[in-house]
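Please treat every number below as a calculation from the coordinates, not as lab data. It should be emphasised that the depicted structure is a prediction, and the values quoted were computed from it without experimental measurement. Note that each Cβ is placed from the backbone with ideal geometry, even for glycine, and that neighbours are counted across all protein chains shown.
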Amino acid sequence: RKEVEQDPGPFNVPEGATVAFNCTYSNSASQSFFWYRQDCRKEPKLLMSVYSSGNEDGRFTAQLNRASQYISLLIRDSKLSDSATYLCVVNSGNTPLVFGKGTRLSVIA
Amino acid sequence: NAGVTQTPKFRVLKTGQSMTLLCAQDMNHEYMYWYRQDPGMGLRLIHYSVGEGTTAKGEVPDGYNVSRLKKQNFLLGLESAAPSQTSVYFCASSYRQSGLTEAFFGQGTRLTVV
């Protein structure tokens, strides 16, 4: 089983739609969780960290479910500019970040 | 606001040639990483460093060597390039390796081995 798994998509959604991505992780000792965004032919950039109680940043909401070992990202009122690949990232203590393969989102006008 | 800078940005090599990719960061980060990204494979860790003078193997280290002689620089070497090393290479750095710490990436190096 891969350490971090994501549905590769693509998710094609109309502008204004709500879309959600899930990510599962296999290491129960994982401590820190993140969502990174990667635009086509660009470097990954941190979108948001995921806190144990869940957290929101504008139209983006991240949640963590430790019991089921998954994290989620919800995007409300999708914009064309949200089109990108979203990478689920996990950190298991003092080790390098482990990246999922990413979920591709296309927001269509 | 340089952040993490990678050179070169593009390179074409012939099989068997060698080259060095340079990563420089100006954020005084202890931790530095080299990843490769291939279609459908995601980001895979090649080597990393937890401080000046240290290096460690990641998930896919074969065919690569690294050095961290100065805290701000992390070099990735290909001794004898192979077509399987055609990829996009990303360098990253972070202040620490645990907790909610952000990793900052360079813009990537697109390497083609023919």
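So how many residues does the stretch A:51-77 have that are surrounded by 12 or more Cβ atoms within 10 Å (Cβ to Cβ) and either over 15 Å from the mean Cα position of the chain (by Cα) or within 23 Å of residue A:25 (Cα to Cα) (or both)?
Residues in the stretch A:51-77 being surrounded by 12 or more Cβ atoms within 10 Å (Cβ to Cβ) and either over 15 Å from the mean Cα position of the chain (by Cα) or within 23 Å of residue A:25 (Cα to Cα) (or both): 18 in total.
Under 23 Å from residue A:90 (Cα atoms), surrounded by 14 or more Cβ atoms within 10 Å (Cβ to Cβ) and touching a residue at least 40 places away in the same chain (Cβ under 8 Å) - does that describe any residue in the stretch B:52-73?
Checked the stretch B:52-73: no residue is under 23 Å from residue A:90 (Cα atoms), surrounded by 14 or more Cβ atoms within 10 Å (Cβ to Cβ) and touching a residue at least 40 places away in the same chain (Cβ under 8 Å).
For the stretch B:57-89: of the residues being within 22 Å of residue A:42 (Cβ to Cβ) and assigned to a strand (DSSP E or B), which is nearest to the other protein chains (Cβ to nearest Cβ)?
B:88
For the stretch A:78-100, enumerate the residues that are in contact (Cβ under 8 Å) with a residue 40 or more places away in the chain, within 12 Å of another protein chain (Cβ to nearest Cβ) and surrounded by fewer than 21 Cβ atoms within 10 Å (Cβ to Cβ).
A:92, A:93
Restricting the first residue to the stretch B:24-48 and requiring it to be more than 8 Å from chain A (Cβ to nearest Cβ), which pairs with a second residue that is aromatic (Phe, Trp, Tyr) and outside any strand (DSSP E or B) meet a Cβ separation below 6 Å and a spacing of at least six or different chains?
B:29/B:95
Residues are listed down the side, and each one gets a yes or a no for (1) in contact with a Lys or Arg (Cβ under 7 Å, 6 or more places away or on another chain); (2) small (Gly, Ala, Ser); (3) under 24 Å from residue A:90 (Cα atoms):
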site	(1), (2), (3)
B:4	no, no, yes
B:12	no, no, no
B:17	no, no, no
B:23	no, no, yes
B:34	no, no, yes
B:37	no, no, yes
B:42	yes, yes, yes
B:48	no, no, yes
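Within the stretch B:90-113, how many residues turn out to be crowded, with 17+ Cβ neighbours inside 10 Å, more than 7 Å from chain A (Cβ to nearest Cβ) and assigned to a strand (DSSP E or B)?
8
Got a number for residues in the stretch A:2-26 being within 14 Å of chain B (Cβ to nearest Cβ) and not basic (Lys, Arg)?
Step one: filter the stretch A:2-26 for residues within 14 Å of chain B (Cβ to nearest Cβ), giving A:2-10, A:23, A:25.
Checking the rest, the ones that are also not basic (Lys, Arg) come to A:3-10, A:23, A:25.
The qualifying residues number 10.
If you take the residues of the stretch A:24-39 that are touching an Asp or Glu at 6+ places or on another chain (Cβ under 7 Å) and part of a strand (DSSP E or B), which of them is farthest from residue B:101 (Cα to Cα)? Lay out the reasoning, then the answer.
Within the stretch A:24-39, the subset touching an Asp or Glu at 6+ places or on another chain (Cβ under 7 Å) is A:24-27.
Restricting the remaining residues to those that are part of a strand (DSSP E or B) gives A:24-25.
Details: A:24: 20, A:25: 19 Å.
Within the stretch A:24-39, the match that is farthest from residue B:101 (Cα to Cα) is A:24.
Among the residues of the stretch A:20-50, count how many are of a type in the set (Asp, Glu) and surrounded by fewer than 16 Cβ atoms within 10 Å (Cβ to Cβ).
Our first condition is that a residue be of a type in the set (Asp, Glu); within the stretch A:20-50, this holds for A:39, A:43.
This time we only want the ones that are surrounded by fewer than 16 Cβ atoms within 10 Å (Cβ to Cβ), so: A:39.
Of the residues in that region, 1 qualify.
All but one of (1) under 15 Å from the mean Cα position of the chain (by Cα); (2) hydrophobic (A, V, I, L, M, F, W, C); (3) surrounded by 14 or more Cβ atoms within 10 Å (Cβ to Cβ) hold for residue B:10; which doesn't?
(3)
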